[in-house]
Amino acid sequence: MNIWMVLHFINKFKMKRIIFLLIFLISQTLIFSQNKEVKKINCDSIYNQKGYSVSLEFDPKDEIILNVLFTFSKKINGKEKIIHQEKLHSQFQNIEFIDFNGDGVKDILIENISDVRSNLTYNLFIVDFKNQKLRKIEGFNEIKNPNYLKEYDLIDCLVMSGRNWTSFYKIEGNKVKDFGYVIKDGEDENGKDLEYDKNYELTLAKILKSEKEKK
């Protein structure tokens, strides 16, 4: 066997290995794409209007960036009509239904992230059946542990930290208004009680007064 035959054999062998490797990678990609996890919730028990559903399609390939496809749809004549669809980041792929604008209709919260102290953030979508759409609230995903105060149409939070704290917010249009108050819990550097409950009530009263004066 001369040198040219040897080289030809080596090149042929390499080509077969390359082709085999490409086929393997393509097949794995197809299998991987088919293994996307889908969480789907039928909303018939959540809303008076029937036929709506929420789904999250989780892509294991995108663990850091936009890793879920959120879809809100309605079944009409046996076919799914997409009302809203958007790629989001969701660390645990959790869905919650809570009214956050006081209209009596439960809105959709898609869990966003959890920090080192398990403070959760969410993307909020206000459900608008009249106009058949969802309204995403900008900046809501920056509020940790959001809690809706239905009596006042406000949002507060209790954030776990070195010193726990609370702030107040309000949904205005498609955005969140931060009132800029931070109420701290516990004791100060000198061991003095920060009187969290008292300051909470005083701050809430101040906000309600300012909101009333705006009307």
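Nothing in this text is a laboratory measurement; each read-out follows from the coordinates by a stated rule. Remember, predicted model here, so these are calculated numbers, not experimental data. Note that we place each Cβ from the backbone using ideal geometry, even for glycine, and neighbour counts take in every protein chain shown.
Points to keep in mind about this one:
- Residue pairs, from the table 36/75; 144/214; 133/214; 133/212; 130/209, whose Cα atoms sit over 25 Å apart: 144/214; 133/214; 133/212; 130/209
- Where a label projected 7 Å from the Cα of residue 44 along Cα→Cβ would reach, residues of the stretch 63-89 with amide N under 19 Å: 72-82
- Rounded to the nearest 20, the size of the Cβ-charge dipole of the stretch 36-214 about its Cα centre is 960 debye, with Lys and Arg at +1 and Asp and Glu at -1.
- The stretch 121-198, relative contact order in percent, only Cα pairs under 8 angstrom and at least six apart counted: 19
- Between residue 80 and residue 131, the simple label model (points 7 Å from Cα in the Cβ direction) yields a spacing of 2.5 nm.
- Karplus 3J(HN,Hα) series, Hz, for the stretch 198-215 with 6.51 cos²θ - 1.76 cosθ + 1.60 (x for Gly, Pro): 5, 5, 4, 5, 5, 5, 4, 4, 5, 5, 5, 5, 5, 5, 5, 5, 6, 6
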